[in-house]
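Enquirer: Got a structure here, written out as structure tokens. Questions coming.
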Amino acid sequence: MTTESNRPGNSRSDQLRQKRQQSSQTRVNTTRQQVSRPAAQARTSATPYRRTSPYATPNMDGVRTAPVRKLHYAQGANGVEIRMPALPALNFNWQSASLFLAFSLLILVVLLTSLDTFRVSAVKLSGAQRVTAADVTPVVISANHSIFTLDRAKTIAAVQAAFPEFSAIQLKISFPNTVDLTVKERQPILAWTSNNQTQWIAADGVVMPNRGDGGTLTTIQSSVAVPTGAAAVAAADTTDAASTTASSTSAAASTKAALNPQQIDPQILQAAISLSAQLPSGATLVYDPVSGIGWNDPQGWQVYFGLDLSNIAFKEAEYQAISARLQTLGIKPTIISVAYVDSPYYRTE
């Protein structure tokens, strides 16, 4: 039996063309079978494994490779094929997710602490009468940068140190960049003047600058600054001792010193309060480190009663007797001291 390829009328070129068509059709059929095959039956590369000992379980996790999906697209029946790009199969794992979350949080923290939107720039102050928000704002800003890194204790200590007239401070944060301060303000009862500088003294002995309007105050004139009491000296000693320790201890001591502002000697404060109740009209209180406290007499001299005013009535009577005697003798003193009742004296220069 003679086939079509062996017929005399078929040339060799026709025979080659038929073989090529048969080969192309075979590849097309094979490609279609590969495309229709389920993914679970796809052939994967061999997975090598190793043993750590003759009796160990094979460890294949570290050398397993991801299967690669291949796709061939046959265009028509002419045998032309297109091979699509191969993409690796991506597998989800918690390590990658954790790394991504950590990196995202790091970027978020950097943005929140560096953006000008969250930089402390405004202060709202309530409860103060003599201090304004404009006075407090530079202190708060210098102690903080971002609203998220604000240290409450450090900020309160800085404000307390700069404004000793605040006896209590409460701090709240208002986003995006505002600090709310609610304060309780000390009221001055005495004014201390020395070297053309005036400081105010509160009822609890705290020495503070004269800011705003303090009203009508009894003034103490002196050639020296306000003498500090035991509480202020103890706070200063604590700060000096802490300067030689570690930085954290020094910061804690500074905070403690800020919360214990400078205070006048309690004995001087008590003497000034007691003597101001007996102050003659037109007279002002005076203080001398040696003679104690007294007043400027309207007659033109100074009288000192010391710091122990337990027998102030006797000292006043003694002063009146000395003053009358000097006027009788025509002597005008500059100082009369009855600080020690057993040895009073006067000076004319």
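The values are calculated or read from the model by the stated rules, or taken from the named source; none is laboratory data. Bear in mind that the values here come from a model prediction, so they are computed numbers and not experimental data. Backbone-built Cβ (ideal geometry, glycine too); neighbour counts: all protein chains shown.
Enquirer: Which members of region 313-349 meet the condition of being touching a helix residue (DSSP H, G or I) at 6+ places or on another chain (Cβ under 7 Å) and under 15 Å from residue 271 (Cα atoms)? So that I can check it myself, show each step before the final result.
Expert: Going through region 313-349, the residues touching a helix residue (DSSP H, G or I) at 6+ places or on another chain (Cβ under 7 Å) turn out to be 333, 336, 338, 341, 344, 346.
If the condition is that a residue be touching a helix residue (DSSP H, G or I) at 6+ places or on another chain (Cβ under 7 Å) and under 15 Å from residue 271 (Cα atoms), then 338 is the only one that fits.
Enquirer: Which of the strands (runs of 3 or more DSSP E) found entirely inside region 131-236 contain at least 2 residues meeting this: over 30 Å from the mean Cα position of the chain (by Cα), closer than 27 Å to residue 286 by Cα and at pLDDT 90 or above? Write out each step before concluding.
Expert: Values: elements: 166-174, 178-185, 188-194, 197-202, 207-209, 218-222.
Those strands (runs of 3 or more DSSP E) span 188-194, 197-202, 218-222.
Enquirer: Which of (1) among the small types (Gly, Ala, Ser); (2) free of Cβ contacts under 8 Å to residues at least 24 places away in the same chain; (3) closer than 24 Å to residue 276 by Cβ does residue 343 not meet, given it meets every other one?
Expert: Failed condition: (3).
Enquirer: Using the structure shown, decide if residue 270 is under 30 Å from residue 162 (Cα atoms) and surrounded by fewer than 21 Cβ atoms within 10 Å (Cβ to Cβ).
Expert: Values: under 30 Å from residue 162 (Cα atoms): yes; surrounded by fewer than 21 Cβ atoms within 10 Å (Cβ to Cβ): yes.
Yes, satisfied.
Enquirer: Taking the residues in region 83-117 that are surrounded by fewer than 10 Cβ atoms within 10 Å (Cβ to Cβ) and not in a helix (DSSP H, G or I) as candidates, determine which candidate is modelled with the highest pLDDT.
Expert: 93
Enquirer: Mind checking which residues of region 272-293 are assigned to a loop (DSSP other than H, G, I, E, B), touching a residue at least 24 places away in the same chain (Cβ under 8 Å) and not aliphatic (A, V, I, L, M)?
Expert: Residues of region 272-293 that are assigned to a loop (DSSP other than H, G, I, E, B), as a first pass: 277-283, 289-291.
Subset that is touching a residue at least 24 places away in the same chain (Cβ under 8 Å): 278-279, 289, 291.
Listed by number, the residues that qualify are 278, 289, 291.
Enquirer: If you don't mind, another one. From the list 313, 321, pick out the single residue that is in a helix (DSSP H, G or I) and within 58 Å of the chain's Cα centre (by Cα). Outline the logic, then answer.
Expert: Numbers: 321 fails: within 58 Å of the chain's Cα centre (by Cα).
After ruling out the rest, the residue left standing is 313.
Enquirer: Let me ask something else. I need the full set of residues from region 262-291 which are at pLDDT 95 or above and not hydrophobic (A, V, I, L, M, F, W, C), in order please.
Expert: Passing the criteria: only 287.
Enquirer: If you don't mind, there's one more thing I want to ask. Which members of region 300-310 meet the condition of being outside any strand (DSSP E or B) and either in contact with a helix residue (DSSP H, G or I) (Cβ under 6 Å, 6 or more places away or on another chain) or of a type in the set (A, V, I, L, M, F, W, C) (or both)? Outline the logic, then answer.
Expert: Step one: list which residues in region 300-310 are outside any strand (DSSP E or B), which gives 300-301, 305, 307-310.
Result: 301, 305, 307, 309.
Enquirer: Can you work out which of the residues in region 305-349 that are among the aromatic types (Phe, Trp, Tyr) and surrounded by fewer than 17 Cβ atoms within 10 Å (Cβ to Cβ) is farthest from residue 290 (Cα to Cα)?
Expert: Keep residues of region 305-349 that are among the aromatic types (Phe, Trp, Tyr), which gives 305, 314, 319, 340, 345-346.
Those left that are additionally surrounded by fewer than 17 Cβ atoms within 10 Å (Cβ to Cβ): 314, 340, 345.
Details: 314: 20, 340: 11, 345: 13 Å.
In this case the residue turns out to be 314.
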